[in-house]
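In what follows, a structure is listed as structure tokens, so that the remarks can point back to it.
The values are calculated or read from the model by the stated rules, or taken from the named source; none is laboratory data. Just so we're clear, the structure is a prediction, and the values are computed from it rather than from any experiment. Note that we place each Cβ from the backbone using ideal geometry, even for glycine, and neighbour counts take in every protein chain shown.
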Amino acid sequence: MIIYGTRSAHLNSIQSHIAVCPNCETKGSTLISIYRRHAHIFWIPIFPLGKSGASHCKHCKVSLRSNEMSEPLKREYQKVKQEAKGPVWQFSGLFLAAALIVMAGFASKNNKASELSYLENPTKNDVYEYKIGPKQYSTMKVMQISKDSVFVSLNDFEISKSTRIYKIDKPENYPNILYGYSKQEISTMYHSGKIFDINRR
Ligand SMILES: [Zn+2]
């Protein structure tokens, strides 16, 4: 269950010295308060929505929304509302999302760097994920390595989604038939995207 909705943050309240209460006609008794709503998910503010506010008369206790205010009071309210700055924390969710994207970027860069080192120095049991054709993915496992070649066993199975490829990467799926590729060929397959992932455990 995702809990989401909107909440308001109080931005500013000022005591007006000139406004006359439309209800009891007392001058200088009116407090103008401004709020800003924000969308939240699990109470984490995601981004701010609009500002709103109300006036409150300390003398007769009447509270008025902007559409109930007298013209002079409304003008003052609009000015206070315009100048009220919302707190940055109402953008928390956007900052969080940006941070996650940056972190994911670093993680993927790291992953690419280690793949390149796996490519240069193949090790027994390295698994190369490769594309056979549209919606056809499979793996090959490094079984032997010589000075300039690797000998792989091709997985007996293929799968239609590259993200599910781990499901077919099982020891019993690799037959005892080996195919030799030069390291140069493997590198070409990697850089052309035919081999799209290298896993080492
Ligand atoms: Zn009043």
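For Lys135, state whether it is on the phi > 0 side of the Ramachandran plot and either within 16 Å of the ligand (Cβ to nearest atom) or surrounded by 15 or more Cβ atoms within 10 Å (Cβ to Cβ) (or both).
no
Every residue, every condition in (1) at pLDDT below 95; (2) farther than 18 Å from Ser117 by Cα, yes or no:
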site	(1), (2)
Leu154	no, yes
Thr163	yes, yes
Ile168	no, yes
Phe196	yes, no
Arg201	yes, no
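Thr30 versus (1) more than 22 Å from Gly86 (Cβ to Cβ); (2) of a type in the set (S, T, N, Q); (3) within 44 Å of the chain's Cα centre (by Cα); (4) loosely packed, with under 15 Cβ neighbours inside 10 Å: which is the lone unmet condition?
(4)
Listed residues Leu100, Leu31; which is modelled with pLDDT of 95 or more, out of contact with any Cys (no Cβ under 6 Å at 6 or more places or on another chain) and not in a loop (DSSP other than H, G, I, E, B)?
Leu31
Could you run through region 4-28 and say how many residues are basic (Lys, Arg) and modelled with pLDDT under 90?
Qualifying residue count, region 4-28: 0.
For region 1-27, what are the residues that are in a loop (DSSP other than H, G, I, E, B) and exposed (fewer than 14 other Cβ atoms within 10 Å of the Cβ)?
The answer is Met1, Ile2, Ile3, His17, Ile18, Cys24, Glu25.
Taking region 41-84, which residues are assigned to a strand (DSSP E or B), exposed (fewer than 14 other Cβ atoms within 10 Å of the Cβ), within 16 Å of the ligand (Cβ to nearest atom) and of a type outside the set (S, T, N, Q)?
Arg65, the sole residue that qualifies.
How many of the residues in region 177-193 are more than 12 Å from Met140 (Cα to Cα) and not in a helix (DSSP H, G or I)?
Counting residues in region 177-193 that are more than 12 Å from Met140 (Cα to Cα) and not in a helix (DSSP H, G or I) gives 3.
Can you tell me how many residues within region 157-176 are touching a strand residue (DSSP E or B) at 6+ places or on another chain (Cβ under 9 Å) and not in a helix (DSSP H, G or I)?
9
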